[in-house]
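Just so you know, all these numbers are worked out from the coordinates, no wet-lab data involved. Since this is a predicted model, take the numbers as computed values, not measurements. Positions of Cβ are backbone-derived with ideal geometry, glycine not excepted, and every protein chain shown enters the neighbour counts.
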Amino acid sequence: MLVLGLATSHAPTMLVPVEQWSLLYEMLVDGVPQPPSAAAETPATNAAAKQRIDDGLARLRQVLADARPDALVIIGDDQDEVFGPAFNPTLAVLCADEVSGNTLPRLRNLTATDQRVHLKGHSELARHLAAGLVERGFDPAVISELRPLSRPDEGIGHAFTRPAHALGIADLDIRVVPVFLNAYRDPLPTGQRCYALGQAIREIADGRPERIAVCASGGLSHDPRGPRAGWIDQRLDTWVLSCIAQGRAEKLTQLFTVDSDTLRGGTGEIRSWITVAGAFAGQAGTVVDYIPLHHAVTGLGLAHWHPSA
């Protein structure tokens, strides 16, 4: 039974002390000229943004704890962590009983930031999910054992470890089912396909005895270390969030029907949000916060859904 939907950005800035934001910002923009609005971010505004991030994540942790799920399906992308140029599925389900990985492996030079996350998987539910998706016209790759091709020592990628760490999944003793949804490498799924994927996940979850939550990881608009690093499309982000808040998420199927530089890079992770919105088709979600933060090079978003009675 599906009991909860969550969505959260996973920018590294969300997990790094505010005193280190400037250094991280410089690393992520990688020399790209910044928009004039970036100059308005000061130590004081950054401290306020950090507090909003912490408060928003605390709200999601409480919502998750209150829902008491037995399992959490995390929908995220892979950025040459588990997969790579040699093999990159559009959709994959990890069917393992143990999952681990690092939160910030590339930032080990920053003090006390990288964490190793160890999670319990739910292989039986994962296999049932994969089989159910095949029955509904999807063709997921099925991974029985996590053997990263690109970075063998780091485990599963940050799209899964960061929200798991931020939401306290291990402390809540919730088992996880990682679902990989391609957001970077062509060919890419459309918004319509992601929405239909969410609807399929809802059908499968509602046929199970476990209490199941689903979490979208990533987004909103951002392009770290890309040609638009630090530039945030607030109009796009607020439109996405308004569709969710109004219970009109079917409008999100319009995204990714055409190719656009704006929708490339990390912005493609909005596909995970569309998927979870599809699982709650016709139901309004609660937007916890939206912070267009240049120091995070991301339009940071947090939201949750509850199924209708």
Amide N of the range 216-244 lying under 19 Å from the label point, which is placed 7 angstrom from the Cα of Gln34 along Cα→Cβ: 220-234
Inter-site label distance for Arg225 and Arg248 at 7 Å from Cα along Cβ, in nm: 3.8 nm
Given charges at beta-carbon only (K, R positive; D, E negative), |dipole| of the range 2-305 in Debye: 360 debye
Computed over the range 2-305, Kirkwood Rh from alpha-carbon pairs, angstrom: 19.0 Å
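Assuming 0.36 nm per residue, please report the length gained on full extension of the stretch Arg211 to Glu98 beyond their Cα-Cα distance.
Details: separation 113, 0.36 × 113 = 40.68 nm, distance 1.94 nm.
Extending this stretch completely gives an extra 38.7 nm.
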Helix-derived mean residue ellipticity, 222 nm - over the chain, DSSP H n ≥ 4, -39500 (n - 2.57), to 500: -10000 deg cm²/dmol
With Cα atoms, 0 to 90° folded angle of helix 191-206 axis to the chain main axis: 50 degrees
Calculated FRET value between Glu135 and Asp54, using beta carbons and R₀ = 35 Å, to 0.05: 0.25
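Given Cα pairs under 8 Å that are at least 6 residues apart, what percent is the relative contact order of the chain? If you can, show how the numbers build up before the last one.
On the way: 680 pairs, mean separation 94.9, N = 309.
Once normalised by length, the contact order is 31 percent.
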FRET efficiency, Phe87 to Ala44 (Cβ-Cβ, R0 35 Å, nearest 0.05): 0.15
Cα centroid of the range 113-176 to Cα centroid of the range 212-244, whole Å: 22 Å
Separation of the Glu19 and Tyr184 label points, Cα + 7 Å toward Cβ, nm: 3.1 nm
Linear extension gain, Ser260 paired with Asp66, 0.36 nm per residue minus alpha-carbon span: 65.9 nm
Folded to 0 to 90 degrees: helix 270-279 orientation relative to the chain principal axis, Cα: 40 degrees
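List the relative contact order of the range 67-171 as a percent without decimals, with contacts defined as Cα pairs under 8 Å and 6+ residues apart.
On the way: 155 pairs, mean separation 42.6, N = 105.
Reported as a whole number, the value is 41 percent.
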